[in-house]
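S.K.: Have a look at this one.
The values are calculated or read from the model by the stated rules, or taken from the named source; none is laboratory data. These numbers come from a predicted model, not from an experiment. A quick note on method: Cβ atoms are made from the backbone with ideal geometry, for glycine too, and the neighbour counts reach across all protein chains shown.
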């Protein structure tokens with residue numbers, strides 16, 4: 001759901017090792033300094049695999065047997081015991097939802113399905129013209145949406161209840177960031193202090209790059225085809241996340257394009273000139289969710305929100321000139337520019 005950020009490190013420095021692969025419907029890349037030995041590489045790869053397997057088994061809506069998929073299929077409306085992983089992610093999502101006035105909402109899944117952005121839709125069908133839902137359909141789906149439809153409790157065990165059977169969750173807007181944070185935590189536990197972790201564009205950097213200095217991260221031009229840098233930032237002991245509207249869209253029979261970013265407050269895809277938002281935060285989990293929320297808010301409201309909370313945020317808007325972009329940023333963002 002989010003375009004990738006290009007993390008760069010010196011290719012000639014022998015001190016770092018890169019681990020790459022596929023996860024959560026996207027790719028991951030982990031660069032670690034000081035992991036050259038064969039046994040060390042095995043330990044690092046195992047730590048990465050363990051985290052990704054854990055996240056997939058609990059949070060992936062792509063898997064029918066995941067914990068969140070089982071919760072979504074629950075029809076009883078009773079308390080369901082859940083793992084600490086799912087509980088922690090849902091709890092954090094509800095906090096962000098409250099902070100953003102409902103712009104971020106993990107109960108948006110019924111609306112994503114309504115607008116043909118459900119994860120089970122075959123890729124061939126995703127590119128075909130579709131008939132957008134009408135007001136009555138949107139209103140019906142919205143009755144299942146809203147974080148007030150969820151109840152959480154910690155004791156006697158972590159549990160979640162969704163009184164409405166039609167309420168369903170998607171944590172795709174926060175789970176990659178959570179996975180990045182978890183991998184970073186495991187790397188620290190193994191004694192590493194210099195590394196960069198990226199999953200589907202969610203990036204966390206700690207320490208410094210092999211040749212010294214903060215990690216250099218390129219924020220990409222918001223275009224569906226090709227990859228080129230828009231600007232660079234210097235990242236150390238922080239995370240960055242970008243949310244965009246152009247790599248996953250639907251087109252109706254009249255040619256109207258619809259973004260995959262759904263405003264849970266209206267039930268409709270966001271529209272306008274805003275095409276991407278980048279957020280920097282100490283937590284990749286929160287940066288991931290914030291970027292989605294600010295895309296929903298739009299430039300004016302999102303920029304005011306970021307300024308008020310001193311959140312580093314970059315807003316990129318389309319212009320009438322092809323290949324030309326208008327950028328606006330919160331004051332705190334300038335501190336991270338390369």
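Okay, residues lined up against (1) free of Cβ contacts under 8 Å to residues at least 40 places away in the same chain; (2) closer than 24 Å to residue 26 by Cα; (3) in contact with a strand residue (DSSP E or B) (Cβ under 7 Å, 6 or more places away or on another chain):
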position	(1), (2), (3)
221	no, yes, yes
231	no, yes, yes
280	no, yes, yes
286	no, yes, no
289	no, yes, no
311	yes, no, yes
316	no, yes, yes
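S.K.: Got at least one residue in segment 178-185 being surrounded by fewer than 18 Cβ atoms within 10 Å (Cβ to Cβ), more than 30 Å from residue 76 (Cα to Cα) and touching a helix residue (DSSP H, G or I) at 6+ places or on another chain (Cβ under 7 Å)?
M.R.: no
S.K.: Something else now. Any idea which residue in segment 128-144 is nearest to residue 71 (Cα to Cα), counting only those that are in contact with a helix residue (DSSP H, G or I) (Cβ under 6 Å, 6 or more places away or on another chain) and in a loop (DSSP other than H, G, I, E, B)?
M.R.: 144
S.K.: Among the numbered criteria (1) out of contact with any strand residue (DSSP E or B) (no Cβ under 9 Å at 6 or more places or on another chain); (2) surrounded by 20 or more Cβ atoms within 10 Å (Cβ to Cβ), which one does residue 265 miss?
M.R.: Exception for residue 265: condition (2).
S.K.: Shifting gears a bit: For residues that are surrounded by fewer than 17 Cβ atoms within 10 Å (Cβ to Cβ) and part of a loop (DSSP other than H, G, I, E, B), scanning just segment 145-157, find the one that is farthest from the chain's Cα centre (by Cα).
M.R.: Ranking the candidates gives 156 first.
S.K.: Shifting gears a bit: From the residues in segment 62-75 that are out of contact with any helix residue (DSSP H, G or I) (no Cβ under 6 Å at 6 or more places or on another chain) and touching a residue at least 40 places away in the same chain (Cβ under 8 Å), which one is surrounded by the fewest Cβ atoms within 10 Å (Cβ to Cβ)?
M.R.: The qualifying residue surrounded by the fewest Cβ atoms within 10 Å (Cβ to Cβ) is 75.
S.K.: Looking only at residues in segment 253-262 that are buried (at least 20 other Cβ atoms within 10 Å of the Cβ) and outside any loop (DSSP other than H, G, I, E, B), which one is farthest from the chain's Cα centre (by Cα)?
M.R.: Looking at the filtered set, the residue picked out is 258.
S.K.: Out of all the residues in segment 194-213, which are in a loop (DSSP other than H, G, I, E, B), surrounded by fewer than 24 Cβ atoms within 10 Å (Cβ to Cβ) and either modelled with pLDDT of 95 or more or in contact with a strand residue (DSSP E or B) (Cβ under 6 Å, 6 or more places away or on another chain) (or both)?
M.R.: Selection gives 194, 207, 210.
S.K.: Looking only at residues that are in contact (Cβ under 8 Å) with a residue 40 or more places away in the chain and not in a loop (DSSP other than H, G, I, E, B) in segment 268-278, which one is surrounded by the fewest Cβ atoms within 10 Å (Cβ to Cβ)?
M.R.: That would be 268.
S.K.: Right, another one. Residues 160, 106: which one is touching a strand residue (DSSP E or B) at 6+ places or on another chain (Cβ under 7 Å), at pLDDT 95 or above and either more than 30 Å from residue 18 (Cα to Cα) or part of a strand (DSSP E or B) (or both)?
M.R.: Criteria check complete, one pass: 160.
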